[in-house]
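One structure below.
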Amino acid sequence: MIYRIETQECWQQALQEGEYLPATFEEDGFIHCSALEQVVDVANNLYHGQQGLVLLCISQRLLQSETLWERAEGLYYPHIYGPLNLSAVTAVVPFPCGSDGTFALPPDVPEEDEPDSADA
């Protein structure tokens, strides 16, 4: 499972369009994502105090675009090299900041992909 922080507004637009590509995709060439243990740091560094965010929980198994884990600032982050197919988003969790503008991981964030019925 990998994660993408996004505005509720942009996610709603993706639902209408049938796929998700952030505004930064054309410039960056990929969709920035995070591992679970990176989400809070990314949120506090890039989105401090911002309201109206959601956390997209993305199954790597269901992704149709290639995902590479690449080094940035000493850590490896998952990057999706193409559109995010909506079927790979297994949960969308509200991601509000606290009254001091900082973020904490919501308690209901799924941590792992659900196994296929064939895997059970």
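The values are calculated or read from the model by the stated rules, or taken from the named source; none is laboratory data. No experiment lies behind these values; they were computed from the predicted model shown. Here the Cβ positions follow ideal geometry from the backbone for every residue, glycine too, while neighbour counts run over all protein chains shown.
VAL40 passes every criterion in (1) within 20 Å of TYR20 (Cβ to Cβ); (2) in contact (Cβ under 8 Å) with a residue 12 or more places away in the chain apart from (1). Residues satisfying the criterion are present in segment 32-51 (criterion: in contact with a Pro (Cβ under 6 Å, 6 or more places away or on another chain), assigned to a loop (DSSP other than H, G, I, E, B), modelled with pLDDT of 95 or more and not acidic (Asp, Glu)).
Being out of contact with any strand residue (DSSP E or B) (no Cβ under 9 Å at 6 or more places or on another chain) and either of a type outside the set (Lys, Arg) or modelled with pLDDT of 95 or more (or both) is the requirement here; does ASP108 meet it? Before the answer, list the steps.
Numbers: out of contact with any strand residue (DSSP E or B) (no Cβ under 9 Å at 6 or more places or on another chain): no; either of a type outside the set (Lys, Arg) or modelled with pLDDT of 95 or more (or both): yes.
It is false that ASP108 is out of contact with any strand residue (DSSP E or B) (no Cβ under 9 Å at 6 or more places or on another chain) and either of a type outside the set (Lys, Arg) or modelled with pLDDT of 95 or more (or both).
Looking across segment 1-31 at every residue that is modelled with pLDDT of 95 or more and among the β-branched types (Val, Ile, Thr), the one that is farthest from ASP100 (Cα to Cα) is identified as ILE31.
For (1) surrounded by 12 or more Cβ atoms within 10 Å (Cβ to Cβ); (2) closer than 17 Å to MET1 by Cα; (3) not hydroxyl-bearing (Ser, Thr, Tyr), each residue gets a yes or a no:
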position	(1), (2), (3)
VAL40	yes, yes, yes
ASN45	no, no, yes
GLN51	no, no, yes
LEU56	yes, yes, yes
SER65	yes, yes, no
LEU68	no, yes, yes
TYR77	yes, yes, no
ILE80	yes, yes, yes
GLY101	yes, no, yes
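Within segment 21-38, the set of residues being farther than 13 Å from THR7 by Cβ and either touching a Ser or Thr at 6+ places or on another chain (Cβ under 8 Å) or not small (Gly, Ala, Ser) (or both) comprises LEU21, PHE25, GLU26, GLU27, ASP28, PHE30, ILE31, HIS32, CYS33, LEU36, GLU37, GLN38.
Residues in segment 18-27 that are part of a helix (DSSP H, G or I) and either in contact (Cβ under 8 Å) with a residue 24 or more places away in the chain or surrounded by 11 or more Cβ atoms within 10 Å (Cβ to Cβ) (or both): PHE25 only.
On inspection, LEU75 does not qualify as over 11 Å from the mean Cα position of the chain (by Cα) and in contact (Cβ under 8 Å) with a residue 60 or more places away in the chain.
Go through segment 62-73 and count every residue that is in a loop (DSSP other than H, G, I, E, B) and more than 23 Å from GLN12 (Cα to Cα).
Pass one, segment 62-73, residues in a loop (DSSP other than H, G, I, E, B): 62-65, 73.
Going one step further and asking which of them are more than 23 Å from GLN12 (Cα to Cα), we end up with 73.
Counting residues in segment 62-73 that are in a loop (DSSP other than H, G, I, E, B) and more than 23 Å from GLN12 (Cα to Cα) gives 1.
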